Amino acid sequence: DQETQLLFNERFIVLRQEGDWSWGEAVEQQKFYPEEGWRGYRGWIRSRDLTDYYSSEESNFVVIAPWTTLSMEDGTQLPLSFGTRL
């Protein structure tokens, strides 16, 4: 079951890897764990869908439409969903 999704540009801390999958925490999606308090929502993601995260700036834009497309300089089209921060 898919309970949540990791949006483009959200941080995910990998806690362990098993095969092609990574288990970790979605930092911006806080969930209360009774024994640990507030932590990032935990779940699995395919490792190939992750990349290194480098950012020194805050978000300037938030997608408010259900879906939109980001056009990259190289012509790549990247679909983005509601709530994605750029």
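The values are calculated or read from the model by the stated rules, or taken from the named source; none is laboratory data. Given the structure is predicted, the values throughout are model-derived calculations rather than measurements. So basically every Cβ, Gly included, is an ideal-geometry build from the backbone, and we count neighbours across all protein chains shown. SASA here: full protein model, heavy atoms, side chains in, ligands and nucleic acids out. Shrake-Rupley method; radii C 1.70, N 1.55, O 1.52, S 1.80 Å.
How about the range 12-34: which of its residues are open to solvent by 100 Å² or more (accessible area, probe 1.4 Å), out of contact with any Lys or Arg (no Cβ under 7 Å at 6 or more places or on another chain) and touching a residue at least 12 places away in the same chain (Cβ under 8 Å)?
17
Of all residues in the range 1-32, which are charged (D, E, K, R) and either in a loop (DSSP other than H, G, I, E, B) or under 10 Å from the mean Cα position of the chain (by Cα) (or both)?
Within the range 1-32, 1, 3, 10, 11, 20, 25, 28 qualify.
Out of all the residues in the range 7-40, which are modelled with pLDDT of 85 or more and aliphatic (A, V, I, L, M)?
13, 14, 15, 26, 27 - these are the residues of the range 7-40 that are modelled with pLDDT of 85 or more and aliphatic (A, V, I, L, M).
Could you say which residue among 75, 83, 40 is surrounded by 10 or more Cβ atoms within 10 Å (Cβ to Cβ) and assigned to a loop (DSSP other than H, G, I, E, B)?
83
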